[in-house]
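A short write-up of the structure that comes next.
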């Protein structure tokens with residue numbers, strides 16, 4: 001029966017490895033990151049999956065571990081990632097980690113080729129026998145493409161220097177199985193940011209997380225709340241970081257975490273290639289990270305104000321090249337509607353008219369002359385399902401980032417489309433207008449809008465009102 | 001000794017089951033479909049997967065099989081699907097089919113719950129006692145149960161098991177089946193994408209969804225392989241590979257039905273929850289239409305174009321399904337949308353305007369060219385009809401510029417060339433109309449060839465949709481609840 005390590009509990013960030021522009025390990029940035037996290041964590045994990053270990057040479061990994069050991073200077077324990085596909089290299093990495101001063105090793109399930117149970121057991125056994133250092137097993141089927149078999153874990157838990165397992169699968173049936181099989185002989189850590197609370201409630205004693213680079217204090221609070229039985233509080237905390245944790249876990253790992261740290265003013269550079277923004281992490285999701293960090297108070301919020309067009313309705317379409325006088329002279333159909341609760345409040349101003357008139361001209365011009373930050377797009381229920389009468393949505397405030405753009409081209413567009421089809425179906429918009437008319441919708445969405453569901457319903461209500469005013473008797 | 005019957009060879013369509021507007025089995029349409037395929041096939045399969053057997057009540061299945069038997073009247077074998085999840089129901093339906101006079105029963109692996117190998121074996125062992133010839137049917141994509149080769153081998157020894165249809169598309173599995181049971185029972189593939197490969201290895205035939213639509217092409221491929229003419233088989237397969245990939249993967253029931261609609265057969269839509277514009281996406285519809293045009297299955301039909309009400313008129317012919325409109329009443333301002341993907345970062349999304357040169361579209365082009373905006377270059381990329389390319393997203397990098405002005409534009413031009421050539425854009429009006437293609441190219445796009453191809457597809461679809469007035473009122477209303485806007489939800 002292995003001796004349990006008293007320090008093996010709590011919150012451990014799976015450190016990102018900062019790189020310079022030319023992809024070299026950035027020592028000052030790594031030291032700064034460690035100093036930033038030190039007050040909030042119970043230990044560190046360099047060279048984990050989030051640390052891009054498969055993209056580093058053994059020498060680089062050893063150096064990264066040494067830097068962290070030096071910077072921490074004994075104040076907190078260090079669990080070094082020492083995984084490799086083959087046993088020989090794994091042993092080399094574990095020796096390196098011990099020499100560098102790590103307190104334990106985190107050894108991932110052997111990957112790429114897929115050994116069966118015996119080979120997997122032998123791998124961990126050989127490492128444990130070869131290097132006198134406490135070892136944590138590491139199950140992460142998302143990247144290994146195989147689970148660490150639970151029977152193998154049960155047997156490995158009898159080896160004296162195997163002291164724990166990190167389960168990053170997020171599959172709670174597996175986590176519960178492992179807790180059952182090892183019967184407290186070793187500690188079980190959760191490694192999947194999206195299920196921290198249920199895993200702790202189920203019996204995990206700590207966590208190694210990508211997102212603990214960004215909000216370790218939230219995880220400390222979750223940990224404490226679960227320890228003290230305050231489950232409601234833990235739920236609220238977990239919920240507050242659920243979306244961001246999902247983005248970190250599913251869209252690029254260290255790549256996504258690095259974007260967050262850079263936004264927070266803790267420069268860590270970019271991930272090594274082939275990972276890049278625009279690939280595993282889309283530009284859209286990067287923008288979502290920014291917004292979520294604003295919400296958590298980690299970065300200064302966007303200061304743009306909500307200022308929808310006001311004044312008489314006929315005068316609100318000047319940006320589209322339609323003056324108040326023209327609205328009146330040509331008897332154009334106009335309507336407006338407002339709905340929603342800040343920051344999901346919206347104003348919709350709508351103008352409709354025949355294709356061969358002013359509105360038709362404005363329609364063609366908006367698609368020909370996209371104004372940067374005010375790009376117009378046709379209204380669709382979904383791609384390849386454009387509504388008719390053809391309708392352009394034009395934002396009234398400059399879209400400063402992709403996330404704001406997403407609020408317009410996503411929930412706003414879907415809701416305007418739905419309102420138009422509703423009005424076609426109930427006859428408010430005559431069916432004949434599908435061929436003869438076009439419409440322009442000016443959408444004013446609060447720049448801090450966050451809740452897409454609430455926004456969708458606000459836009460739906462406001463557009464309904466605008467259509468009814470424009471097409472009413 | 002081989003139990004393979006003489007009749008078990010060649011091309012068998014897995015017939016779709018037509019339903020009426022009020023959702024009953026449409027006997028007249030079913031008979032018409034059978035008459036359409038019959039000259040080209042060696043047998044037919046009612047109530048298979050493509051026939052939506054899982055969406056049909058017991059009486060409806062029986063009725064479909066009865067109609068098939070009656071319409072065929074002994075001219076070709078009728079292999080009826082009789083599967084249920086439970087042994088009890090399957091035995092009942094298979095016994096009924098035997099008494100109704102089917103040539104054989106095609107029995108899919110017991111689905112939904114996942115029986116173990118010995119339970120699967122016992123399922124077929126029970127059916128074996130009925131005395132009707134049985135065709136095993138491996139379709140793990142749907143049944144969730146993959147026969148292992150040793151299950152297949154064991155079942156091949158059951159006296160009434162005379163064949164297997166393997167729809168898995170799993171070639172290593174099929175090779176093991178050849179190894180174990182060739183010479184014992186007949187071997188069919190049921191996966192449209194690998195037919196020539198399976199036939200070349202000695203498969204006896206194929207039961208196919210796409211054989212509802214192109215039974216003649218399949219018959220030619222079958223005979224070519226049989227006679228050792230692999231070159232012909234390869235050439236024909238290359239022409240239909242895209243088509244059968246879509247039919248096999250994008251919800252075959254609705255896909256096959258829409259393809260048949262394109263040919264003018266009176267086939268309605270799939271039963272729910274399969275539906276229009278869902279697994280068989282609208283971009284798939286355009287693609288399927290394109291392949292059927294290339295195969296000459298959709299002949300040119302006339303369209304009359306009015307530049308504006310009371311204005312100049314022209315007539316042109318282009319490949320068009322019978323149900324498409326025959327008149328464009330006003331070309332003042334037509335709006336079309338085209339979307340083609342995946343992948344995400346290379347998707348193409350085009351907002352298209354077609355209009356009179358002297359109307360709102362022409363005016364917008366004149367103004368755009370007269371007042372250029374820095375950082376937002378607009379380009380005329382085609383002369384007849386004059387076409388302006390507008391990038392939706394501001395172009396910031398050299399790579400973006402290449403993707404927009406070279407590759408996306410290249411795709412749009414390819415589409416315009418094709419549409420002028422085939423007559424979709426009327427020759428007589430090419431100098432009177434102008435186009436604006438507002439083209440979305442994702443800033444993260446990498447794969448240049450995909451950008452080009454997706455823009456070709458999106459542009460072609462956008463022009464066709466603008467001229468043909470799609471989507472229709474009925475489509476919009478039918479799908480307003482279920483529409484899935486991809487950017488409406490949180491990541």
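The values are calculated or read from the model by the stated rules, or taken from the named source; none is laboratory data. If you're wondering where the values come from, they're calculated on a predicted model, not measured in any experiment. Glycine also receives a Cβ, built like all others from the backbone with ideal geometry; neighbour counts cover every protein chain displayed.
Quick one: which of B:246, B:221, B:240 is in contact (Cβ under 8 Å) with a residue 40 or more places away in the chain and either within 29 Å of residue B:7 (Cβ to Cβ) or in the same structural domain as residue B:32 (by TED's automatic domain parsing) (or both)? Break it down stepwise before answering.
Details: B:246 fails: either within 29 Å of residue B:7 (Cβ to Cβ) or in the same structural domain as residue B:32 (by TED's automatic domain parsing) (or both); B:221 fails: in contact (Cβ under 8 Å) with a residue 40 or more places away in the chain.
Among B:246, B:221, B:240, only B:240 is in contact (Cβ under 8 Å) with a residue 40 or more places away in the chain and either within 29 Å of residue B:7 (Cβ to Cβ) or in the same structural domain as residue B:32 (by TED's automatic domain parsing) (or both).
Please find, within the range B:386-406, the residue that is farthest from the other protein chains (Cβ to nearest Cβ) out of those that are more than 22 Å from residue B:369 (Cα to Cα) and in a helix (DSSP H, G or I).
Only one residue fits best here, namely B:398.
When residues of the range A:78-130 are filtered for being more than 19 Å from residue A:59 (Cα to Cα) and either exposed (fewer than 15 other Cβ atoms within 10 Å of the Cβ) or within 30 Å of the chain's Cα centre (by Cα) (or both), how many remain?
Qualifying residue count, the range A:78-130: 13.
Return the total of residues in the range A:385-397 being under 28 Å from the mean Cα position of the chain (by Cα) and within 12 Å of another protein chain (Cβ to nearest Cβ).
1
So which residues in the range A:363-382 are closer than 15 Å to residue A:318 by Cβ, more than 8 Å from every other protein chain (Cβ to nearest Cβ) and in contact with a helix residue (DSSP H, G or I) (Cβ under 7 Å, 6 or more places away or on another chain), if there are any at all?
Passing the criteria: only A:366.
Here is a yes/no grid of residues against (1) surrounded by fewer than 24 Cβ atoms within 10 Å (Cβ to Cβ); (2) more than 21 Å from residue B:35 (Cα to Cα); (3) not assigned by TED's automatic domain parsing to the domain that holds residue B:106:
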| residue | (1), (2), (3) |
| --- | --- |
| B:189 | no, yes, no |
| B:193 | yes, yes, no |
| B:201 | yes, yes, no |
| B:208 | no, no, no |
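Might you check whether a residue that is surrounded by 16 or more Cβ atoms within 10 Å (Cβ to Cβ), more than 10 Å from chain A (Cβ to nearest Cβ), touching a strand residue (DSSP E or B) at 6+ places or on another chain (Cβ under 7 Å) and assigned to a strand (DSSP E or B) occurs anywhere in the range B:288-298?
Looking for residues that are surrounded by 16 or more Cβ atoms within 10 Å (Cβ to Cβ), more than 10 Å from chain A (Cβ to nearest Cβ), touching a strand residue (DSSP E or B) at 6+ places or on another chain (Cβ under 7 Å) and assigned to a strand (DSSP E or B), one finds none in the range B:288-298, hence no.
Would you check which residues across the range A:236-267 are out of contact with any strand residue (DSSP E or B) (no Cβ under 8 Å at 6 or more places or on another chain) and assigned to a loop (DSSP other than H, G, I, E, B) and list them?
The answer is A:241, A:253, A:264, A:265, A:266, A:267.
For the range A:398-420: of the residues being within 8 Å of chain B (Cβ to nearest Cβ) and within 19 Å of residue A:320 (Cβ to Cβ), which is surrounded by the fewest Cβ atoms within 10 Å (Cβ to Cβ)?
A:409
Against the definition (more than 8 Å from every other protein chain (Cβ to nearest Cβ), in contact (Cβ under 8 Å) with a residue 24 or more places away in the chain and part of a strand (DSSP E or B)), how does residue B:314 come out, yes or no?
yes
Here is a list: A:330, A:287. Which entry is under 24 Å from residue A:376 (Cβ atoms), assigned by TED's automatic domain parsing to the domain that holds residue A:407 and touching a helix residue (DSSP H, G or I) at 6+ places or on another chain (Cβ under 7 Å)? Don't jump to the end; show me each part of the working.
Numbers: A:287 fails: assigned by TED's automatic domain parsing to the domain that holds residue A:407.
Selected residue: A:330, the only one of A:330, A:287 that is under 24 Å from residue A:376 (Cβ atoms), assigned by TED's automatic domain parsing to the domain that holds residue A:407 and touching a helix residue (DSSP H, G or I) at 6+ places or on another chain (Cβ under 7 Å).
Go through A:330, A:319, A:324, A:352 for me and flag whichever is surrounded by fewer than 22 Cβ atoms within 10 Å (Cβ to Cβ), more than 7 Å from chain B (Cβ to nearest Cβ) and modelled with pLDDT of 95 or more.
A:324
If you check B:412, B:335, B:434, which single one turns out to be in contact with a helix residue (DSSP H, G or I) (Cβ under 8 Å, 6 or more places away or on another chain), surrounded by 19 or more Cβ atoms within 10 Å (Cβ to Cβ), modelled with pLDDT of 95 or more and at the interface with chain A (Cβ under 8 Å from one of its Cβ atoms)? Give the steps one after another, and end with the answer.
Values: B:412 fails: at the interface with chain A (Cβ under 8 Å from one of its Cβ atoms); B:434 fails: at the interface with chain A (Cβ under 8 Å from one of its Cβ atoms).
Of the residues listed, the single one that is in contact with a helix residue (DSSP H, G or I) (Cβ under 8 Å, 6 or more places away or on another chain), surrounded by 19 or more Cβ atoms within 10 Å (Cβ to Cβ), modelled with pLDDT of 95 or more and at the interface with chain A (Cβ under 8 Å from one of its Cβ atoms) is B:335.
Is it fair to say residue A:430 is in a helix (DSSP H, G or I) and in the same structural domain as residue A:465 (by TED's automatic domain parsing)? So that I can check it myself, show each step before the final result.
Working: in a helix (DSSP H, G or I): no; in the same structural domain as residue A:465 (by TED's automatic domain parsing): yes.
In short, no.
Condition test on residue B:284, is it crowded, with 21+ Cβ neighbours inside 10 Å, within 14 Å of another protein chain (Cβ to nearest Cβ) and closer than 30 Å to residue A:278 by Cα? Write out each step before concluding.
Numbers: crowded, with 21+ Cβ neighbours inside 10 Å: yes; within 14 Å of another protein chain (Cβ to nearest Cβ): yes; closer than 30 Å to residue A:278 by Cα: yes.
Yes, satisfied.
Please state which of the following conditions residue B:348 fails to meet, knowing it meets all the rest: (1) within 11 Å of chain A (Cβ to nearest Cβ); (2) over 30 Å from the mean Cα position of the chain (by Cα).
Just one mismatch for residue B:348, condition (2).
Considering every residue within the range B:30-45, establish whether at least one is touching a residue at least 40 places away in the same chain (Cβ under 8 Å), in contact with a helix residue (DSSP H, G or I) (Cβ under 7 Å, 6 or more places away or on another chain) and farther than 19 Å from residue B:263 by Cβ.
no
Give the number of residues within the range A:437-466 that are out of contact with any strand residue (DSSP E or B) (no Cβ under 6 Å at 6 or more places or on another chain), part of a helix (DSSP H, G or I) and either surrounded by 21 or more Cβ atoms within 10 Å (Cβ to Cβ) or within 11 Å of chain B (Cβ to nearest Cβ) (or both).
Residues in the range A:437-466 being out of contact with any strand residue (DSSP E or B) (no Cβ under 6 Å at 6 or more places or on another chain), part of a helix (DSSP H, G or I) and either surrounded by 21 or more Cβ atoms within 10 Å (Cβ to Cβ) or within 11 Å of chain B (Cβ to nearest Cβ) (or both): 6 in total.
(1) closer than 21 Å to residue A:316 by Cβ; (2) more than 35 Å from the chain's Cα centre (by Cα); (3) touching a residue at least 40 places away in the same chain (Cβ under 8 Å): which one isn't true of residue A:434, the others all being true?
(1)
What is the number of the single condition among (1) farther than 28 Å from residue A:435 by Cα; (2) away from every other protein chain (no Cβ under 14 Å) that residue B:250 does not meet?
Unmet condition: (2).
Test of understanding: among A:178, A:133, which residue is free of Cβ contacts under 8 Å to residues at least 40 places away in the same chain and not in a loop (DSSP other than H, G, I, E, B)?
When all the criteria are applied, what remains is A:178.
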